[in-house]
Amino acid sequence: MAFTIHSVWPDDGFTTFPTGEKIEILFNQEVSEFLAENSISLVGPDNHILTGIEFEEKLYRFTNQSSYSKTLESLHLKGEVPVELEVVRCDATGEALLEQMSYAYDATVKSKLIIRPKSFLQEKTDYRLLISGSPTPDNEWSYIGSRTVFDAEKDLLTSTGEGVLRASGYYTGNVDDVLVVEVVKAGSSSTCKLNWYFESTSLVTHDLLPLTGRNKIAKDKDIYLELIGGASDAFKIGDAWTINLRPIEYLIDTYKLDFSTAANQVKELPTTVSQSPIGLDAPTQAEIEAASTEFQLVKIEPEYGSSNISLKTKQIILTFNKDIDPTSVTADTIKLFRNIMDGNQDAVDVGYSWIVNGKKIIINIIRE
């Protein structure tokens with residue numbers, strides 16, 4: 001079954017698209033979210049703006065090649081609108097399925113790709129969505145295609161650790177295969193050691209010492225593994241996962257969707273209001289008194305929003321107003337991420353361990 005688009009909303013030529021709405025594309029089978037990140041573009045008016053360090057880097061890079069007005073054209077960023085992507089497993093009607101984990105190819109399962117602009121679109125403005133495909137792709141990352149790397153399925157008979165393994169990327173083989181991942185040295189998400197192999201070549205095994213974020217399994221394999229679990233024993237010897245792999249099918253053609261946003265979508269606030277314009281009422285005395293006895297976070301060290309913190313900082317301390325139930329603190333209730341300051345890259349997990357001591361949670365940062 002060829003990989004194709006089943007339906008798109010809004011329709012091509014739609015002229016009253018709400019400025020804060022999302023775009024939805026329904027495919028006839030599961031789509032590779034990994035490839036969608038590089039093959040979907042939303043283009044609007046010529047108003048792309050760069051500031052701060054990002055501006056300086058691009059200006060310096062192209063100083064000897066062109067004027068700054070041409071720099072954006074050379075980067076293909078003129079008018080491009082930053083978007084967030086979400087892939088939802090659904091049926092043929094576009095209705096989301098209850099089970100969103102996908103361990104193997106199922107011809108009855110489809111994908112809905114939801115595209116959300118990161119900021120409100122301009123009113124009464126033309127936009128174009130580009131969905132990149134090719135019958136003979138020369139750069140596989142630039143074209144959208146079917147899902148080839150499925151979710152990692154844990155072997156419940158041998159696995160006892162609480163760590164989570166996520167798989168992503170795309171598989172370039174020509175036949176179905178299975179990637180097997182095993183823990184051979186116990187530890188956290190950044191201190192354990194893994195072995196992996198393909199079932200088709202099970203006699204050849206490879207080592208992987210994971211770092212935070214996505215770990216490419218090999219230089220010539222565009223398959224990535226991400227480990228989640230900060231406890232020192234989150235991943236135990238014997239933990240194992242299987243990841244089904246399927247040959248890719250690319251979208252044969254590139255499609256464009258033109259639409260225009262509606263007018264008067266954003267309203268002016270009234271000049272006089274008798275209550276809060278966002279509909280919030282002041283808390284009652286009873287609510288204030290109740291809040292003072294609720295379980296709540298009262299202090300963070302380092303302080304929230306602080307800067308110029310020493311690179312040697314290895315602890316984050318959370319202080320609450322009441323003693324903490326140690327069993328309520330798990331790798332699912334506390335997560336630690338890092339990101340560059342301008343926020344232009346995805347946040348990645350940071351390895352950590354924790355200690356519960358009375359009213360405090362002490363988080364120890366690992367290998368950062």
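The values are calculated or read from the model by the stated rules, or taken from the named source; none is laboratory data. Just so it is clear, the model here is predicted, and its values are computed rather than measured. We place every Cβ from the backbone using ideal geometry, glycine too, and count neighbours over all the protein chains shown.
Criterion first (free of Cβ contacts under 8 Å to residues at least 60 places away in the same chain and either in a loop (DSSP other than H, G, I, E, B) or in the same structural domain as Thr160 (by TED's automatic domain parsing) (or both)) does Ile223 satisfy it? In short, no. Which one is nearest to Leu245 (Cα to Cα), of the residues in the stretch 90-135 that are assigned to a strand (DSSP E or B) and among the basic types (Lys, Arg)? Among those residues, the one meeting the criterion is Lys110.
Being surrounded by fewer than 17 Cβ atoms within 10 Å (Cβ to Cβ) and of a type outside the set (Phe, Trp, Tyr) is the requirement here; does Asn244 meet it? If you could, list the steps in order and put the result at the bottom.
Working: surrounded by fewer than 17 Cβ atoms within 10 Å (Cβ to Cβ): no; of a type outside the set (Phe, Trp, Tyr): yes.
For Asn244, the condition - surrounded by fewer than 17 Cβ atoms within 10 Å (Cβ to Cβ) and of a type outside the set (Phe, Trp, Tyr) - is not met.
Scan the stretch 188-209 residue by residue and report those that are of a type outside the set (D, E, K, R), touching a Gly at 6+ places or on another chain (Cβ under 9 Å) and either in a strand (DSSP E or B) or crowded, with 16+ Cβ neighbours inside 10 Å (or both). Spell out how you get there, then give the answer.
Let us first name the residues in the stretch 188-209 that are of a type outside the set (D, E, K, R), namely 188-192, 194-198, 200-206, 208-209.
Restricting the remaining residues to those that are touching a Gly at 6+ places or on another chain (Cβ under 9 Å) gives 188-192, 198, 200.
The answer is Ser188, Ser189, Ser190, Thr191, Cys192, Phe198.
Here Val181 meets each of (1) more than 17 Å from Ala240 (Cβ to Cβ); (2) at pLDDT 95 or above with one exception, condition (1).
Taken over the stretch 18-47, the criterion of being more than 16 Å from the chain's Cα centre (by Cα) and either surrounded by fewer than 16 Cβ atoms within 10 Å (Cβ to Cβ) or part of a loop (DSSP other than H, G, I, E, B) (or both) is satisfied by Pro18, Thr19, Gly20, Glu21, Lys22, Asn28, Gln29, Glu30, Gly44, Pro45, Asp46, Asn47. Against the numbered list (1) touching a strand residue (DSSP E or B) at 6+ places or on another chain (Cβ under 7 Å); (2) within 30 Å of Thr330 (Cβ to Cβ); (3) not in a strand (DSSP E or B), Asn244 comes up short only at (3).
Select from the stretch 108-167 the residues that are among the aromatic types (Phe, Trp, Tyr), under 21 Å from the mean Cα position of the chain (by Cα) and crowded, with 18+ Cβ neighbours inside 10 Å and list them in ascending order. Reasoning before the result, please.
Looking only at the stretch 108-167, we keep the residues that are among the aromatic types (Phe, Trp, Tyr), and these are 120, 127, 141, 143, 150.
Next, from what is left, pick out any that are under 21 Å from the mean Cα position of the chain (by Cα): 120, 141, 143, 150.
Within the stretch 108-167, Tyr143, Phe150 qualify.
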